[in-house]
Amino acid sequence: MEYKDYYQALGVPKTASEDDIKKAYRKLVRKYHPDVSKEADAQAKTQELNEAYGVLGDAEKRAAYDELGKKGHYQAGQQFRPPPDWGNGFGGFGAGAGAGGPAGTDFFADLFANFGGGRRRSSFQTKGEDSHASIAIDLADSYQGATRTINVRIQEPDNMGRLVTRERTLNVNIPKGVMAGQQLRLSGQGQAGSAGPGDLYLEIQFNPEPRYRLDGRDVFETVPLAPWEAALGADIEVPTPSGKVTVTVPAGSQNGRKLRLKGRGIPGNPAGDLYLLMELVLPPATSARARELYETMARELAFNPRAGG
């Protein structure tokens with residue numbers, strides 16, 4: 001049996017806190033998840049990460065694994081057999097142990113299955129590993145809530161107990177007021193385990209929409225404005241994530257002026273605000289009449305935008 005260094009797999013030191021281990025696992029599993037990764041070994045890497053976190057993320061398993069590490073200076077890939085006294089304090093695992101069993105996909109499971117006569121094996125039955133994926137939604141979905149269908153790949157045991165990857169279709173309810181970076185927990189939709197499946201965590205991402213910018217629950221929207229609307233003032237209709245609204249542009253508005261619509265940002269308690277950013281758009285001088293109008297303005301207004309600068 002080959003020794004596996006789970007700390008090395010997650011890229012954390014042996015002194016890492018529970019929170020550090022969880023953060024490292026989530027970061028790596030997002031990187032290598034088969035649904036998003038282009039790495040050739042993404043599936044194998046994900047399985048390795050799930051196995052490592054399944055041990056280090058469980059206090060009892062981690063303690064047993066750390067005790068094993070103290071009995072010898074094992075290196076990843078090294079052939080070994082546990083010392084006779086390994087497992088003292090953990091139900092006598094290792095007492096009277098025989099030779100190492102065959103290599104398996106789960107080093108820790110093989111270790112407990114093949115050493116110590118299988119005693120207390122059931123005490124190490126655990127819930128399956130949590131899975132992580134992402135889902136992209138429109139900003140409007142956060143305003144109204146939505147239902148989306150996604151396909152995820154989950155590792156499950158077949159009739160022979162071997163891990164196989166299967167595709168599963170899920171209907172996901174997007175709650176009103178959800179924000180980018182927030183995670184939705186789908187109970188029981190993660191990896192299979194001897195004590196039941198883990199959970200699936202979906203990280204919310206917003207589809208790119210150039211006219212919108214987000215700051216927390218506040219939404220900033222760029223609104224194109226004609227020169228005469230800015231100069232004379234106007235009531236204009238603006239499409240927003242929550243529907244069309246009519247706003248009054250004050251006379252004399254300049255490019256970049258900001259209008260605040262209180263409570264029209266992403267819903268919440270409290271809701272964010274919607275800020276409309278005025279952007280002047282000049283008509284093109286592509287016709288004789290347009291050029292004539294611009295020439296008239298240049299002659300009669302005598303306006304120099306750089307004066308006093």
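The values are calculated or read from the model by the stated rules, or taken from the named source; none is laboratory data. All values reported here derive from a predicted model rather than from experimental measurement. Glycine also receives a Cβ, built like all others from the backbone with ideal geometry; neighbour counts cover every protein chain displayed.
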Residue list for the range 242-267, restricted to those being out of contact with any strand residue (DSSP E or B) (no Cβ under 6 Å at 6 or more places or on another chain), farther than 16 Å from Glu229 by Cβ and not basic (Lys, Arg): Ser242, Gly243, Gly263, Ile266, Pro267
Failed condition for Glu229, given (1) within 24 Å of Arg148 (Cβ to Cβ); (2) of a type outside the set (A, V, I, L, M); (3) surrounded by 13 or more Cβ atoms within 10 Å (Cβ to Cβ): (1)
Qualifying positions in the range 127-137 - over 30 Å from Asp273 (Cβ atoms) and not in a loop (DSSP other than H, G, I, E, B): Ser131, His132, Ala133
Of the criteria (1) under 20 Å from the mean Cα position of the chain (by Cα); (2) at pLDDT below 90; (3) not acidic (Asp, Glu), which one Arg121 fails: (1)
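Only strands (runs of 3 or more DSSP E) wholly contained in the range 151-230 count here; list those with 1 or more residues that are in contact with a Pro (Cβ under 9 Å, 6 or more places away or on another chain) and closer than 30 Å to Gly252 by Cα. Lay out the reasoning, then the answer.
Numbers: elements: 163-174, 183-186, 200-206, 212-215, 218-225.
Strands (runs of 3 or more DSSP E) meeting the threshold: 212-215, 218-225.
Please work out which residue is nearest to Val281 (Cα to Cα), limiting yourself to the range 226-261 and to residues that are in contact with an Asp or Glu (Cβ under 6 Å, 6 or more places away or on another chain) and not charged (D, E, K, R). Talk me through it step by step, then tell me what you get.
First, pick out the residues of the range 226-261 that are in contact with an Asp or Glu (Cβ under 6 Å, 6 or more places away or on another chain): 244, 246, 248-249, 260.
Going one step further and asking which of them are not charged (D, E, K, R), we end up with 246, 248-249.
Details: Thr246: 19, Thr248: 18, Val249: 15 Å.
This residue is Val249.
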Within the range 22-36, considering residues that are over 13 Å from the mean Cα position of the chain (by Cα) and surrounded by fewer than 20 Cβ atoms within 10 Å (Cβ to Cβ), the one farthest from Asn151 (Cα to Cα): Lys22
Selected residue (criterion: farthest from Gly243 (Cα to Cα)) from residues of the range 138-150 that are in a strand (DSSP E or B) and not β-branched (Val, Ile, Thr): Arg148
Subset of the range 268-287 that is surrounded by fewer than 12 Cβ atoms within 10 Å (Cβ to Cβ) and closer than 16 Å to Pro224 by Cβ - its residue that is nearest to the chain's Cα centre (by Cα): Leu282
Within the range 264-309, considering residues that are touching an Asp or Glu at 6+ places or on another chain (Cβ under 6 Å) and in a loop (DSSP other than H, G, I, E, B), the one nearest to Tyr212 (Cα to Cα): Gly265
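Residue by residue, here is whether (1) under 21 Å from the mean Cα position of the chain (by Cα); (2) farther than 27 Å from Gly54 by Cα holds:
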| residue | (1), (2) |
| --- | --- |
| Arg168 | yes, no |
| Val178 | yes, yes |
| Gly190 | yes, no |
| Ala251 | no, yes |
| Gly256 | no, yes |
Some residue of the range 165-178 being closer than 27 Å to Val29 by Cβ, touching a Gly at 6+ places or on another chain (Cβ under 7 Å) and not β-branched (Val, Ile, Thr): yes
